[in-house]
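Where a number appears in this text, it was derived from the coordinates with a stated rule and is not lab data. Since the model is a prediction, treat every value here as computed from it, not as a measurement. Cβ coordinates were reconstructed from backbone atoms using ideal geometry, including for glycine residues, and neighbour counts include every protein chain displayed.
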Amino acid sequence: MTVGAPIRFRATLFRPAATAKAGSWTFLTLPKNASAKLPSRGMTSIEGTINGFPFRATLEPDGQKGHWLKVNRKLSVAAGADAGDIVTLEIAPVGEEPEPMVPADLRK
């Protein structure tokens, strides 16, 4: 369940220099005005769409009062986008942070 009005923006996908090989993950940085609409400057779980494809993810803080989003290969392919492309997003914070998955060995 999302909370608040959707946040709409466009952003460019980048590939981290350390994993510059084709086919690896990409990321985008939220515009400052989009980050400012989120409830936290820290990690924030969101749901929304990227190029119309629905997804859920956790935004990471960028250390400059903003956020960035890791776009894994599967999501990138589903959105029909790759590094260098501009994508259209519509996101909103989830109403309740999801419980983290606890590995089986740690549960014991």
### Contact order normalised by residue count of the chain, Cα under 8 Å, 6+ apart, percent
38 percent
### Task
Go through segment 71-85 residue by residue and turn each phi into a ³J(HN,Hα) via Karplus (6.51, -1.76, 1.60, θ = phi - 60°); whole Hz please, and just put x for glycine and proline.
10, 6, 4, 4, 5, 4, 5, 4, 7, x, 9, 9, 3, x, 7
### Summary
Diffing segment 35-42: the Karplus 3J(HN,Hα) column from phi (6.51, -1.76, 1.60, θ = phi - 60°), in whole Hz with x for Gly and Pro, holds 4, 5, 7, 7, x, 9, 8, x
### Query
Dipole of the chain (Lys/Arg Cβ +1, Asp/Glu Cβ -1, origin at the Cα centre): which of GLY95, GLY48, LEU28 lies farthest to the positive side?
LEU28
### Task
Within segment 22-47, find all residues whose amide N lies under 17 Å from a label point positioned 7 Å from the Cα of LEU106 along Cα-to-beta-carbon.
43
